[in-house]
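Undergrad: Have a look at the structure that comes next, please.
The values are calculated or read from the model by the stated rules, or taken from the named source; none is laboratory data. Computed from a predicted structure; not experimentally measured. Positions of Cβ are generated from backbone atoms using ideal geometry, with glycine treated the same way; all protein chains shown enter the neighbour counts. What goes into the accessible areas is simple: the full protein's heavy atoms, side chains included, and nothing from ligands, DNA or RNA. Shrake-Rupley method; radii C 1.70, N 1.55, O 1.52, S 1.80 Å.
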Amino acid sequence: MVKVRVSNKEESPVMDNGGYSGSQLVHHFRSVLDAVKTGDRGSYDELVSYLHLKRNLSPDEVAILVTTLKALSGAVSYIDSDHHESLLFAVSKMSLWNYGTEVMDALLELITSLAATNGKYIDWCLEMLVKHFVPPFNIYDSLDNENGINRKNKVLSRVHAALKEIADLVPLAPLRLCPIVVQNMPSVFSYDREIVPYVENMLKLESGAIGETVGSTVLPALVDRLLELDVEIGWDGILQEDTKGIFDMELEDIIKFVEEDENFDSMPQSELLNRKNFQDKKVVEKLDNLIVLALLHLESCQSSGRLGEVFDILLHSFQKTVLNAYKSKFTQFVMFYACALDPEGCGVKFAMVLADMFGSDVNPPITRMSAVAYLASYLSRAKFLSAALVTTIVQSLVDQCYAYCKLRDSGMNPRAHQVFYSGCQAIMYILCFRMRSLMDVPRLKLQLLNMPMEAIWKHKLCPLKVCLPTVVVEFLRQAKAAKLFMASESFVFNDMLESDLSKAFGGMDRLDMFFPFDPCLLKKSESYIRPHFVRWSKVRTTYDDDDDNVSEVSESGSEVTDDDFVDTNTKDMIDDDMMVTVEDLDFNPNLNKMSITPKNSLKHLRMPARIRPSTSPESL
């Protein structure tokens, strides 16, 4: 028999089949709650005491707690926040993580009943459930073992089921839930053990029964948080460097080389410090973990046939926040991966939206420049995009720039014609990566040769003198090898130093140097991106000596496919990436001034016979 003390003078036996029945106990609790309004708090205070957490509850104490919670569930209409504040406070301090399943179920029954009975407590109940998204610190480390995982599943499955039940009982609850989830989201300064499980549950909520309602809120909130973390990783210092090394190396190769170096133990202390300061950055780790969660969620959405609708939400969020966030370095790879999962749908749509944003005069110049920078980097790096799509968009960019030239008879003015120059640089950058693959397909080669590019480059606006020298030189070199037009023969680039003209067109935010899909330096996230990503070291340029691939048709006799975009001979060659040594790098241990661009990497007009991958943050 379990005894529940209800006053100082009596004890009431409670049994499953004797003593107070369930309805009698509910009636009694109603009386206790009602009596508080008249000043009689004796029984009420004892009732509240049952709810305060005690360590290592005995079976009898568990039974009392369960009985109390169930009886309160039947008396929720008598609970008044003005008179029963201590009761609500005691309930709010209870955590499912601290109890067994019996108490969990009884507590959730109380929360659900309270939400359904009185609309004024809906927000309180929803917040009570949302706070369970993050396990208490004292048990977090134990959640990795089998028992911990089982415990975690028991708690969180019940939390999400309760949220679903409340949404069924109170139709407006999902709308009330959205701001609560966003407001309780851990900040960028929180620990991994707080924000990672919270985001995991946010995404579970989005993919659940009420995801259609909450998705449009929680997904943009996640993107915003990723962006906040992203901009915390400061690379301001690199804008002080010259940009001569865009095609020299890619940071992903440096990191890989660093991690695989067998001589780690014998490295100089300064070099170890460089690596440690980069890899130990908590914000980098945190961002990496969160992006991986987002990528896994996208895979889940693809499997369930929801990727299209989720992509539309992410695309709207991207246009609203990420697009014009100049310092964003990694957040955009969530969009990249969504496109990789659905090339024909999301992949094409993303490219077309960016192209339309660049072409729309309604958008401010900064937006149009950002859009075309994203477009150029995306078309260059996305292995999953067809050569036909790339050609179509290049044609559109060329037509727009050519139309712009025909309406202007003035000379160079980088600030006045920023959008035009950004379009020109986008064309050149895309063709640095794609020219060979397009020229290998006869119909695309013909389309490329018929584009009025030469008229653009020779126009008085002089885009070849304004755009980034490294991009211009590489483009002209490939154009000359491909006999794309005669401008490459007549144009002489006097020096490799970045000109003030380029800086002027880029503006304060240096959009001339903004290539958003440069290699992802987040170790875990990069492993998802890698199979879909074009690395510069693997690009077949028009000036490469490639005797085995000179034909315009593949071995099967068909036109060259996009698979041929990657150099088929690279497997027989020493990988360029391993030719980069740490001694070649200016690797400042301070992330805020991080630059690995070789100081003397490009001393001459001619590029190396085989160009190494591009320098990440500053290349675009």
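Undergrad: Name the residues in the stretch 319-334 that are β-branched (Val, Ile, Thr) and surrounded by fewer than 22 Cβ atoms within 10 Å (Cβ to Cβ), would you?
TA: Within the stretch 319-334, 321 is the sole residue that qualifies.
Undergrad: Name the single residue that is modelled with the highest pLDDT among those in the stretch 507-525 being within 21 Å of the chain's Cα centre (by Cα) and surrounded by fewer than 21 Cβ atoms within 10 Å (Cβ to Cβ).
TA: Among those that are within 21 Å of the chain's Cα centre (by Cα) and surrounded by fewer than 21 Cβ atoms within 10 Å (Cβ to Cβ), it is 524.
Undergrad: Exactly one condition in (1) under 22 Å from residue 204 (Cα atoms); (2) modelled with pLDDT under 95 is not met by residue 338; state its number.
TA: It fails just one condition, (2).
Undergrad: Suppose we filter the stretch 83-110 for residues that are touching a residue at least 24 places away in the same chain (Cβ under 8 Å) and over 20 Å from residue 58 (Cβ atoms); how many remain?
TA: 11
Undergrad: Can you pull out the residues in the stretch 133-170 that are open to solvent by less than 80 Å² (accessible area, probe 1.4 Å), free of Cβ contacts under 8 Å to residues at least 40 places away in the same chain and among the charged types (D, E, K, R)?
TA: Of everything in the stretch 133-170, just one residue is open to solvent by less than 80 Å² (accessible area, probe 1.4 Å), free of Cβ contacts under 8 Å to residues at least 40 places away in the same chain and among the charged types (D, E, K, R), namely 152.
Undergrad: Quick one: is residue 476 of a type in the set (A, V, I, L, M), at pLDDT 90 or above, buried (at least 17 other Cβ atoms within 10 Å of the Cβ) and within 32 Å of the chain's Cα centre (by Cα)?
TA: Against the criterion (of a type in the set (A, V, I, L, M), at pLDDT 90 or above, buried (at least 17 other Cβ atoms within 10 Å of the Cβ) and within 32 Å of the chain's Cα centre (by Cα)), residue 476 does not qualify.
Undergrad: Residue 181 is checked against (1) under 22 Å from residue 309 (Cβ atoms); (2) assigned to a loop (DSSP other than H, G, I, E, B) and fails just one. What number does that condition carry?
TA: (2)
Undergrad: Also: Would you check which residues across the stretch 118-132 are open to solvent by 80 Å² or more (accessible area, probe 1.4 Å) and either without any contact (Cβ under 8 Å) to a residue 40 or more places away in the chain or of a type in the set (Phe, Trp, Tyr) (or both) and list them?
TA: Pass one, the stretch 118-132, residues open to solvent by 80 Å² or more (accessible area, probe 1.4 Å): 120, 127, 131.
The answer is 120, and nothing else.
Yes/no per residue for (1) over 18 Å from residue 343 (Cβ atoms); (2) assigned by the TED database to the domain that holds residue 456; (3) touching a Phe, Trp or Tyr at 6+ places or on another chain (Cβ under 7 Å):
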| position | (1), (2), (3) |
| --- | --- |
| 354 | no, no, yes |
| 357 | yes, no, no |
| 362 | yes, no, no |
| 368 | yes, no, yes |
| 371 | yes, no, yes |
| 390 | no, yes, no |
| 395 | yes, yes, no |
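Undergrad: Give me a count of the residues in the stretch 84-103 that are assigned to a loop (DSSP other than H, G, I, E, B) and surrounded by fewer than 17 Cβ atoms within 10 Å (Cβ to Cβ).
TA: 2
Undergrad: For the stretch 41-53, state whether one or more residues are open to solvent by less than 70 Å² (accessible area, probe 1.4 Å), within 14 Å of residue 114 (Cβ to Cβ) and either assigned by the TED database to the domain that holds residue 92 or in contact with a Gly (Cβ under 8 Å, 6 or more places away or on another chain) (or both).
TA: The answer is yes; a qualifying residue exists.
Undergrad: Could I ask something else about it? Pairs under 9 Å by beta carbon, first residue in the same structural domain as residue 467 (by the TED database) and among the acidic types (Asp, Glu) in the stretch 399-418, partner surrounded by 17 or more Cβ atoms within 10 Å (Cβ to Cβ) and in a loop (DSSP other than H, G, I, E, B), six or more apart or different chains?
TA: Matching pairs, first to second residue: 399/451.
Undergrad: Kindly check whether there is at least one residue in the stretch 211-233 that is part of a loop (DSSP other than H, G, I, E, B), closer than 30 Å to residue 118 by Cβ and open to solvent by less than 50 Å² (accessible area, probe 1.4 Å).
TA: No, the stretch 211-233 contains no residue that is part of a loop (DSSP other than H, G, I, E, B), closer than 30 Å to residue 118 by Cβ and open to solvent by less than 50 Å² (accessible area, probe 1.4 Å).
Undergrad: Let me ask you something else. Inside the stretch 62-79, can you point out the residues that are free of Cβ contacts under 8 Å to residues at least 60 places away in the same chain, open to solvent by less than 40 Å² (accessible area, probe 1.4 Å) and either assigned to a loop (DSSP other than H, G, I, E, B) or closer than 15 Å to residue 21 by Cα (or both)?
TA: The answer is 66, 69, 71, 72, 73, 74, 75, 79.
Undergrad: What is the number of the single condition among (1) surrounded by 18 or more Cβ atoms within 10 Å (Cβ to Cβ); (2) free of Cβ contacts under 8 Å to residues at least 40 places away in the same chain; (3) of a type in the set (D, E, K, R) that residue 356 does not meet?
TA: (1)
Undergrad: Regarding residue 361, is this residue over 20 Å from the mean Cα position of the chain (by Cα) and open to solvent by 10 Å² or more (accessible area, probe 1.4 Å)?
TA: yes
Here is a yes/no grid of residues against (1) at pLDDT 75 or above; (2) assigned to a loop (DSSP other than H, G, I, E, B); (3) of a type in the set (Phe, Trp, Tyr); (4) crowded, with 17+ Cβ neighbours inside 10 Å:
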position	(1), (2), (3), (4)
436	yes, no, no, yes
445	yes, no, no, yes
448	yes, no, no, yes
464	yes, no, no, yes
497	no, yes, no, no
505	no, no, yes, yes
